[in-house]
Amino acid sequence: MRRGFAENETPLSDIRKIKTADIEDFIEYLQKLGRAVNTINARLRAGRTFFNFCHRKKYITVNPFDGIQQ
């Protein structure tokens, strides 16, 4: 997931800077690469799990995956 964000010019130095629009850009990037829907959804599940953890630990105040549909 990190490589995809890096290639999309998404800031990774601070996870609090990642926005829902960045996730949507990542999905479009994966679609342009021709990734299967199952692959995209697996990456979204992993990202959602990570950001849910960060939200529970109060590392972030808003989960950027809220509102993102699989």
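The values are calculated or read from the model by the stated rules, or taken from the named source; none is laboratory data. These figures come from a predicted structure and were not determined experimentally. Note: ideal-geometry Cβ built from the backbone for every residue, glycine included; neighbour counts use all protein chains shown. Just the protein is used for accessible areas: all its heavy atoms, side chains included, with ligands, DNA and RNA removed. Shrake-Rupley method; radii C 1.70, N 1.55, O 1.52, S 1.80 Å.
Given the conditions (1) modelled with pLDDT under 90; (2) out of contact with any helix residue (DSSP H, G or I) (no Cβ under 7 Å at 6 or more places or on another chain); (3) surrounded by 13 or more Cβ atoms within 10 Å (Cβ to Cβ), report the number of the one that ARG2 does not fulfil.
(3)
Among what's in region 21-45 and is touching a residue at least 24 places away in the same chain (Cβ under 8 Å) and of a type in the set (Asp, Glu), pick the residue that is farthest from GLN69 (Cα to Cα).
Per the criteria, the residue is ASP22.
Restricting attention to region 46-59, which residues are within 14 Å of GLN70 (Cα to Cα) and not polar (S, T, N, Q)?
ALA46, GLY47, ARG48
Mind checking which residues of region 16-42 are open to solvent by 50 Å² or more (accessible area, probe 1.4 Å) and in contact with a Phe, Trp or Tyr (Cβ under 8 Å, 6 or more places away or on another chain)?
Residue satisfying the conditions is ARG16 alone.
Please pick out the residue among ASP66, ASP25 that is part of a loop (DSSP other than H, G, I, E, B) and at pLDDT below 95.
ASP66
Name the single residue that is modelled with the lowest pLDDT among those in region 5-15 being surrounded by 13 or more Cβ atoms within 10 Å (Cβ to Cβ) and not in a loop (DSSP other than H, G, I, E, B).
PHE5
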